[in-house]
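In what follows, a single structure is set out as structure tokens and then discussed.
The values are calculated or read from the model by the stated rules, or taken from the named source; none is laboratory data. From a predicted model like this one, the values you see are computed outputs, not experimental measurements. FYI the Cβ positions are ideal-geometry reconstructions off the backbone, even for glycines, and counts take in every protein chain you see. The accessibility values were calculated without ligands, DNA or RNA, using every heavy atom of the protein model including side chains. Shrake-Rupley method; radii C 1.70, N 1.55, O 1.52, S 1.80 Å.
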Amino acid sequence: MTDIENAETLFQEYKVKEAYPLFEKLAGEGNGRAMYFMALFHQYYMGCAPWNPKKAMEWALKGARLGDGLSGLFCLLHFNELSHEEYHEITDSREKWISLAQKDSSIYALEALGCYEMVNAQSEEEVDRAFHLLEEAALKNYWKAWNDLGQFHDSHVKDNPPLVRKKADNRKAIDCYRKALEAGYPDAMNRLAYFYYTGVGVPQDKKQAYALFRKAFAKGHLRAGTALGLLYLFDENDLDKKEGFRITKKAADAGDPLAMGNIGNCYYYGNGTKKDRRLAKQYYRRASDLGMDSSTTQLGAIYHEEGDDKKAFVLFRKAADRNFPEAMGWLAACYQYGYGTEKSTQAAIEWLEKAAAFGSEDAKTALRFLQEELKEAEKK
């Protein structure tokens, strides 16, 4: 058995801590296929490497440039991490990556193709074919394929394409997550915990939910820690709020941007800790730098409170351009009242209309009031 075959066997058995140093060594030596697995380690929570989507894409790009089909498919699946030039580099070779993966008979190729075909399916027949590929990989004991099947059947996963959402079946999702859980995959623990907490598809069992969130977090799943922390933070018991702060801060300091935003809220509002505006801004800024639009908006609101409307305007515009409705509302207010920019009623209306189109009730109300004000002004 070659080194790469040995590493892949360990990975299939979810002996990821043993597999990781083998893949790391092989990738460092220029093995493109090993680079695909390094991308997986950084993209998904396995407790072996820091969660870092940018690092994951760096590895996948290296692998693709060495001609590895799985790395190419990874880049296609996570294209949002690519620059404009990298996107065209990868998509121009789309057929090449698909062909290379189709010639690869491994469970890893079946799973990667299944995911790619699922998110790009244009018909129910193509969705069924994608499910078949994932089921084939899952039945050959690939835990990630079981987890993928769970996600594509899970009605709570809002990112699933419309054609896939038609296949939502929470009972099937739970069964698939349990299969991935048997291998020890922490993301399956995290997702099952949500079902137990809500009582959807299973009898409600909050004790089991907390236990699964905690176990997943202990295995390196940062988002499970963020979820667990949030549950404690909104408990009525002050001791639980302190525990929620502790858990959330641990997830934030480990790199989860959602946890960073939540810790910013803790410091800003004094939830589970003392109020500290300086630390609130620090965590909001870290979360904002990692793409958390809610934190970008909150940081802008703080600058507005402090009278620095130019900084606030830049932040509101940044989040609004990424289609965050709350930021659009703030940006409209900036244009309406001249906060950090020149007054422009027309721009205010346009941003309120855009926020309203994204479902913001506050924007709809503000737009109605503004339009009434303009009508009254015309009468005068």
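Tabulated data for the structure shown
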| quantity | calculated |
| --- | --- |
| Count - residues of region 207-223 that are more than 13 Å from Lys249 (Cα to Cα), open to solvent by less than 70 Å² (accessible area, probe 1.4 Å) and touching a residue at least 40 places away in the same chain (Cβ under 8 Å) | 3 |
| Any pair with Cβ under 7 angstrom, 6 or more apart, that starts in region 179-206 at a residue that is closer than 22 Å to Lys17 by Cα and hydrophobic (A, V, I, L, M, F, W, C) and ends at one that is part of a loop (DSSP other than H, G, I, E, B) and open to solvent by 20 Å² or more (accessible area, probe 1.4 Å) | Ala183/Tyr14 |
| Residues that are assigned to a loop (DSSP other than H, G, I, E, B) and surrounded by 18 or more Cβ atoms within 10 Å (Cβ to Cβ), drawn from region 155-200 | Asn160, Tyr185 |
| From the options Ala332, Ala357, Ala312, residue that is within 19 Å of Gly264 (Cβ to Cβ) and of a type in the set (A, V, I, L, M) | Ala312 |
| Qualifying residue in region 303-310 (condition: of a type in the set (Ser, Thr, Tyr), free of Cβ contacts under 8 Å to residues at least 24 places away in the same chain and open to solvent by 70 Å² or more (accessible area, probe 1.4 Å)) | no |
| Helices (runs of 4 or more DSSP H) wholly inside region 320-380 containing at least 2 residues that are acidic (Asp, Glu) and farther than 22 Å from Asp309 by Cα | 361-379 |
| From the options Tyr87, Tyr14, Tyr20, residue that is aromatic (Phe, Trp, Tyr) and on the phi > 0 side of the Ramachandran plot | Tyr14 |
| Positions within region 134-146 being in a helix (DSSP H, G or I) and either buried (at least 21 other Cβ atoms within 10 Å of the Cβ) or among the charged types (D, E, K, R) (or both), in sequence order | Leu134, Glu135, Glu136, Ala137, Ala138, Trp143, Lys144, Ala145, Trp146 |
| Test: residue in region 76-98 that is open to solvent by 50 Å² or more (accessible area, probe 1.4 Å), within 26 Å of Ala188 (Cβ to Cβ), in contact (Cβ under 8 Å) with a residue 40 or more places away in the chain and in a helix (DSSP H, G or I) | yes |
| Hits in region 116-163 - residues which are of a type in the set (S, T, N, Q) and over 16 Å from the mean Cα position of the chain (by Cα) | Asn120, Gln122, Ser123, Asn141, Ser155 |
